[in-house]
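Inspection log for the structure reproduced underneath, given as structure tokens.
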Ligand SMILES: [Zn+2]
């Protein structure tokens, strides 16, 4: 890009020279055949300058288009980075559900807080924090679900269910197709919860839950 103004300047110079030559009247003392040769050369110079100018303009258009694409790509890269993915945007398949959080109660814990083993990972966050789709998928259920509070279930193409629990609000409805980083809802403390947090569950094939941290790490993230 930095070379562009200099090149444009050159084109302007070439075009001006060509126009100057074409406007110069043939010398009175020149032989007629010399005058014809000279104007023929001038025409060639003008045609060449026009070609250069045209080519320069199409290069400039291409550059503008590339800039626009880079800006879009940069924006997407920034969004992915916000949710923990810093690799090649074309290879992104999974992101973290929140932009910031405190790692709270882990998977498999037992204790008075849970009816059985803790089936997910808790991410401490603030009421109203944006929760996003960790991957492309289809919203298969949005409902109040007892101890889980306001819960959204996202089903991924491979059948894995991702449960988002204790939300304050939801931004999607059953049947919605969502893309990675689309907003699902907001953090809350609905259901069996002692404070605002996201309880995330990952259930391959809709079966028993696995440790969401293992699943996220397997996707190349560092939760
Ligand atoms: Zn939990």
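The values are calculated or read from the model by the stated rules, or taken from the named source; none is laboratory data. This is a predicted model, so every value here is computed, not measured. Neighbour counts run over all protein chains shown; Cβ positions are idealised from the backbone, glycine included.
Brief remarks follow.
- The lone criterion from (1) in the same structural domain as residue 214 (by TED's automatic domain parsing); (2) surrounded by fewer than 19 Cβ atoms within 10 Å (Cβ to Cβ); (3) away from the ligand (no atom under 16 Å from the Cβ); (4) outside any strand (DSSP E or B) left unmet by residue 64 is number (1).
- Residue count, the stretch 186-213 (criterion: in a helix (DSSP H, G or I) and away from the ligand (no atom under 16 Å from the Cβ)): 3
- Boolean, residue 86 is in a loop (DSSP other than H, G, I, E, B) and more than 18 Å from residue 207 (Cβ to Cβ): yes
- Cβ-Cβ under 8 Å pairs, at least 6 apart or on other chains, the stretch 64-81 side within 14 Å of residue 180 (Cβ to Cβ), far side surrounded by 10 or more Cβ atoms within 10 Å (Cβ to Cβ): 76/89; 77/89; 79/181; 80/86; 80/89; 80/92; 80/95; 80/181
Let's see how each residue does on (1) within 16 Å of the ligand (Cβ to nearest atom); (2) in contact with a strand residue (DSSP E or B) (Cβ under 6 Å, 6 or more places away or on another chain); (3) at pLDDT 95 or above; (4) not in a strand (DSSP E or B):
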residue	(1), (2), (3), (4)
97	yes, yes, yes, yes
122	yes, yes, yes, no
128	no, yes, yes, yes
140	no, yes, yes, no
152	yes, yes, yes, no
164	yes, yes, yes, no
184	no, yes, yes, no
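- Total residues in the stretch 167-194, condition on the phi > 0 side of the Ramachandran plot and touching a residue at least 60 places away in the same chain (Cβ under 8 Å): 1
- Out of 41, 77, 93, sole residue that is outside the structural domain of residue 132 (by TED's automatic domain parsing) and surrounded by fewer than 12 Cβ atoms within 10 Å (Cβ to Cβ): 41
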